[in-house]
Amino acid sequence: MITDKTVFILGAGASKPYGYPTGGDLRKKICKEFTQKGSYFKRDDIYRQSQLALAEPFIKQFSDAGTNTSIDLFLARLNPDDKKKFTNIGKTAISFFILEAECASKFGEDMNDRTEDWYAPLLNKMMQKLTTHDSYEKLGDNAITFITFNYDRSLEYYIYKCFTSNFPHAPEEYTKKIGGEIIKIHHVYGKIADLPWQKTGGDSLHYGLNDFTKNIDSTIKNIKTIYEMTENLKEDIKKSIAEAQQIFFLGFSYADENLRALGLPEVLETNSRSRRIYGTAKELPKKRTEELKKMFAEYTHLRQNAYIEHLDCLGLLDSYLL
């Protein structure tokens, strides 16, 4: 059980162990593979003629923008004319590769390498006091919020699947709150779609559908880019971060635009509590790691409470939480 107010901030590296592309992988797939995917779309699909015709000019411009430019930032920087022309095809490419990865995603014993699986041990920590068939409501005693920059739905799918398998008789009115009122999961830039059990009025989509291209026209409207986050979501996220006793950055690249989207580090000034900040920095240069430690240390009020480590997600959680 995790009773200290804890916020997990997830980047693309957090979903990588389950088969999802990192930001760099997604960029490479879009630039190198997307024009070859036209055959995946049926001839009567909405994107077959009108949208895929834009794939080559879109990819050329995206490719020329530089290897450090993410697809999110590229779309956000487009001028009004190019934004009108390229936004849908850009979001189509994102949706295609996330849904493709969803079909191939694996958890638990099905994973090729379980040494990076952090979902299972974290959920085990969250459920350690749920020891009888009627103790399911204790899941909500975990003081946890997830803030994810990822479009995929693997985290909420995994939590829901495991929880309902352990407690198949838990009432639907309780289980449908997972990811919302219970174990909040905020998608900063949206997600592919709601899962059927969390449908909130829009289109929902089952996890791992093989014939997914017919759903892309409905999924792209759920995808946001940088600076499209709603004000209500911004306030919820900032409040969670400001009130946190401990913050874990997992698989996060610490891009300036993403830190700004969270109001970091300034939002930490709104609450003077002593807090602990932990972060993975497995592939970050030492200089950047030291910069982050120094920046966050100024807001933890105790320098030794900022830990940015050259560890993966599981390694960091093993060291400081599990």
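Per 10 Å bin from zero, what fraction in whole % of the C-alpha pairs of segment 210-250 is there, up to the bin with the longest pair?
The distribution over segment 210-250 is 21, 32, 27, 18, 2, given as percents.
What is the calculated FRET efficiency for Asp110 to Arg260, with r their C-beta to C-beta distance and R₀ = 30 Å, to the nearest 0.05? Before the final figure, lay out the partial values.
Working: r = 38 Å, r/R0 = 1.25.
So, using R0 = 30 Å, E works out to roughly 0.20.
Please give the calculated 222 nm ellipticity per residue for the chain, where each DSSP H segment of at least 4 residues contributes -39500 (n - 2.57) and the sum is spread over every residue; nearest 500 deg cm²/dmol?
Only helices count here, giving -11500 deg cm²/dmol.
If only Cα atoms are counted, what is the Rg of segment 97-149, and what is its Dmax, in Å?
Values for segment 97-149 (Cα only, Rg and Dmax): 14.4, 40 Å.
For Phe8, what residues show an amide H to amide H distance below 5 Å, using hydrogens built from the backbone and excluding near sequence neighbours?
Answer set, sorted by chain and number: Thr145, Phe146, Ile147, Phe248.
Name the shape class, rounded, prolate or oblate, that the alpha-carbon gyration tensor gives for segment 135-175, where a ≥ b ≥ c are the square roots of its eigenvalues, rounded holds for a/c under 1.5, and otherwise prolate holds if a/b is larger than b/c and oblate otherwise. All intermediate terms of the calculation are to be shown ahead of the outcome.
Working: a/c = 2.68, a/b = 1.54, b/c = 1.74.
Cα axes put segment 135-175 in the oblate bin.
Considering the options Cys313, Ile247, Asn258, tell which one lies farthest towards the positive end of the dipole of the chain, charges being +1 on Lys and Arg and -1 on Asp and Glu at the Cβ, about the Cα centre.
Most positive-ward Cα: Asn258.
Placing +1 at every Lys and Arg Cβ and -1 at every Asp and Glu Cβ, with all other atoms neutral, what dipole size does the chain have around its Cα centre, in debye to the nearest 20?
Details: 45 positive and 45 negative charges, 109 e Å.
Computed charge dipole of the chain: roughly 520 debye.
Would you mind classifying segment 132-279 by shape? Square roots of the alpha carbon gyration tensor eigenvalues, ordered a ≥ b ≥ c; an a/c under 1.5 is rounded, otherwise it is prolate if a/b is larger than b/c and oblate if not. Please list the in-between numbers first.
Values: a/c = 2.20, a/b = 1.19, b/c = 1.84.
Judged from the Cα gyration tensor, segment 132-279 comes out oblate (a/c at least 1.5, b/c at or above a/b).
Any idea of the accessible area per residue across segment 145-208, 1.4 Å probe, to the nearest Å²? Let's see the in-between values first.
Working: 2630 Å² over 64 residues.
Value returned for segment 145-208: 41 Å² of accessible area per residue.
Amide H neighbours of Asp194 under 5 Å, counting only residues 5+ apart in sequence or on other chains, H built in-plane at 1.01 Å?
Under 5 Å from the amide H of Asp194 lie the amide H atoms of Leu205, each far enough along the sequence or on another chain.
Can you pull the percent of the chain's accessible area that's carbon plus sulfur, 1.4 Å probe, other chains left in place? All intermediate terms of the calculation are to be shown ahead of the outcome.
Working: 7010 of 15520 Å².
That fraction is 45 percent.
Please list the radius of gyration and Dmax for the chain, considering alpha-carbon atoms only, with Å as the unit.
Just the Cα atoms of the chain yield Rg and Dmax of 19.9, 61 Å.
The values are calculated or read from the model by the stated rules, or taken from the named source; none is laboratory data. All of these numbers come straight from a predicted model, not from anything done at the bench. No Cβ is skipped: glycine too gets one built from the backbone with ideal geometry, and neighbour counts run over all protein chains shown. Accessible surface is based on the protein model in full, side chains and every heavy atom, while ligands, DNA and RNA are left aside. Shrake-Rupley method; radii C 1.70, N 1.55, O 1.52, S 1.80 Å.
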